[in-house]
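Novice: This structure is in structure tokens; I'll ask about it shortly.
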């Protein structure tokens, strides 16, 4: 009888490397809104769908404990941040798990009024993400580059502003991505929300 495969336990260096490689990206593309034409439905749909897909990833990141790790998933507990269930309404959680990446007949349950994606999917992630960002902000080895540390704190300030986070990204002179943050319109709840079709962001 085969012995069960031991669960994956990342090294500190792997945690630092994945933090540099992907953590900022996942947060920026969940809460950030890139410059786009909000009157073009295709632009608007692509922006919001992408944000919800990144949000889905962050739900797993925050909610799953390391003892329940799926393969080599990166988890908040890897950075000393305790796993906890995010209070997303059950209907919205069902929708996030069922409608985002699955083409099912269950979609027929929606009416024109219930079909738009709810703001709660992004909004419920807002506070846990900020708590996590402040928590890791004290782990100096994650921020080998002082520029990254400054940007991280600038991002926290933008997310605390109660305004939409507008992001731009271009290649810098060293062929590295350079992000720029701006504040957009006031958010209805002061927390992350999806953009509205045809409305400025």
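Novice: With a cut-off of 12 Å, note down the residues of segment 60-102 whose backbone N falls inside the zone around a label point 7 Å from the Cα of residue 138 toward its beta carbon.
Specialist: 80-81
Novice: Related question: Given R₀ = 25 Å, what would the calculated FRET efficiency be for residue 170 paired with residue 46, taking r from the Cβ atoms and rounding to 0.05?
Specialist: On the way: r = 19 Å, r/R0 = 0.76.
Efficiency for this residue pair is about 0.85.
Novice: Of all DSSP beta bridges in the chain, what percent run antiparallel (nearest 5)?
Specialist: Values: 8 of 11 bridges.
So the antiparallel bridges amount to about 75 percent of the total.
Novice: Sticking with this structure for a sec: Under a 10 Å cutoff between Cα atoms, tell me which one of 66, 140, 84 has the largest fluctuation in the Gaussian network model of the chain.
Specialist: 140
Novice: Note down the Stokes-Einstein diffusion coefficient of segment 61-148 in µm²/s, whole number, using a Kirkwood radius over alpha carbon pairs, 25 °C, and 0.890 mPa s. Could the numbers behind the result be given before it?
Specialist: Values: Rh = 15.5 Å.
Answer, rounded: 158 µm²/s.
Novice: With n ≥ 4 as the cut-off for DSSP H runs, can you work out [θ] at 222 nm for the chain, using -39500 (n - 2.57) per run divided by the number of residues, rounded to the nearest 500? Walk me through the intermediate numbers first.
Specialist: Details: 6 runs with 79 residues, N = 201.
Value at 222 nm, helices only, nearest 500: -12500 deg cm²/dmol.
Novice: Okay, moving on. Suppose each label sits 7 Å from its Cα in the direction of the beta carbon; what would the residue 92-residue 36 distance come out to in nanometres?
Specialist: That separation, rounded to one decimal, is 1.9 nm.
Novice: Mind ranking 9-18, 101-110 by how tightly packed they are, going by the mean number of other C-beta atoms within 10 angstrom, highest first? Walk me through the numbers on the way to the answer.
Specialist: Details: 9-18: 13.1, 101-110: 9.6.
Descending mean neighbour count gives 9-18, 101-110.
Novice: Please find the FRET efficiency linking residue 73 to residue 113, where r is the Cβ-Cβ separation and R0 is fixed at 41 Å, and quote it to the nearest 0.05.
Specialist: Numbers: r = 35 Å, r/R0 = 0.86.
With R0 = 41 Å, the Cβ-Cβ based efficiency is 0.70.
Novice: Top mean-square fluctuation among 121, 27, 35, Gaussian network model of the chain, C-alpha springs under 10 Å?
Specialist: 35
Novice: Next question, about the same structure. Within segment 30-66, list the residues whose amide N lies under 16 Å from a label point set 7 Å along Cα→Cβ of residue 197.
Specialist: 37-50
Novice: Over every pair of different alpha-carbon atoms in the chain, take the mean of 1/r and invert it; report that Kirkwood radius in Å. Kindly include the intermediate steps, with their values, before the conclusion.
Specialist: Details: mean 1/r = 0.0544 Å⁻¹.
Value: 18.4 Å, from the Cα pair sum.
Novice: Fewest Cβ neighbours within 10 Å first, please rank 154, 26 accordingly. List each step's numbers first, then the result.
Specialist: Details: 154 12, 26 16.
Taking fewest neighbouring Cβ atoms as first place, the list is 154, 26.
Since every read-out is calculated from the coordinates, none of them should be taken as a lab result. For clarity, every value in this text was computed on a predicted model and none was experimentally measured. With ideal geometry, Cβ positions are generated from the backbone for all residues, glycine too; neighbour counts draw on all protein chains shown.
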